[in-house]
Amino acid sequence: MKVHTYEKAFLTVGALVLVACALALVYATVAHGIHLPDVSGRIDPQNVANTPPFDQPGVYRRGPNEYEAVVIGRAWSFQPSEITVPAGAEITFTSTTVDVLHGFNIEGTRLNMMLVPGQITRNTYTFREPGEYLLICHEYCGLAHHTMYGRVIVVPEGADVPVVNAAVRTADTAEGTVEQAAHDNH
């Protein structure tokens, strides 16, 4: 069977495109540290309320200019629904959901996470400008999906930020020990 020149060229170009896509996927995975979640990032979605750090959702001071916002998504709200953080601080959002798939998107930022039941999702962001940012669920989650939103209030650097706890609390999680630092609101 004779293969025409145009057919050879078309098959060669198609094969090269497939190889280039495969190489790009491997490069992106290796160079950017992308990996599938492992067991250490999972919790029992039926027991989220009793699993640290989700047993006390809110904002925690983790160090100088570092905060962690622990957020639970559920039909049709975020807990807490209002998060206050200082501008210029590094904020790690640690989130999960107890029921169905939810989205976690903060307008005007690159923060865009998918919340899967029982899967711990983390993303870090630094808000440069004070202001109020809308937090929305951008994955359809049922009839009242349009009511699932919250606010991230970014106050000027040096302003007082309310945090959840006033005592040091150590919790064991699937990832090891988490120490939640003491911080008073003054």
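For residue 47 and residue 25 in the same chain, what is the full-extension length gain: residue separation times 0.36 nm, less their Cα-Cα distance, in nm? Provide the component values of the computation, followed by the final result.
Working: separation 22, 0.36 × 22 = 7.92 nm, distance 3.59 nm.
Result: 4.3 nm gained on full extension.
Looking at the calculated P(r) for segment 1-122, what percent of the C-alpha pair distances fall above 17 Å?
On the way: 4997 of 7381 pairs.
Here the long-distance tail beyond 17 Å is 68 percent of all Cα pairs in segment 1-122.
Roughly what would the spin-label model give for residue 1 and residue 16, points 7 Å off Cα along C-beta, in nm?
With each label point 7 Å from Cα toward Cβ, the separation is 2.4 nm.
Please list the radius of gyration and Dmax for segment 41-180, considering alpha-carbon atoms only, with Å as the unit.
14.3, 42
Based on the mean of other beta carbon atoms within 10 Å per residue, what is the order of 21-31, 147-157, 87-97, most packed first?
Values: 21-31: 10.2, 147-157: 16.4, 87-97: 20.2.
Packing order, densest peptide first, comes out as 87-97, 147-157, 21-31.
Taking the alpha-carbon centroid of each part, what is the distance from segment 1-75 to segment 111-140 in angstrom?
15 Å
Taking 0.36 nm per residue of separation and subtracting the Cα-Cα distance, what length does fully extending residue 114 through residue 129 add?
Result: 2.9 nm gained on full extension.
Here, each number is a calculation from the coordinates, and none is a lab measurement. Keep in mind the model is a prediction, meaning the values are calculated, not measured. Every residue, glycine among them, receives a Cβ derived from its backbone with ideal geometry; neighbour counts consider all protein chains shown.
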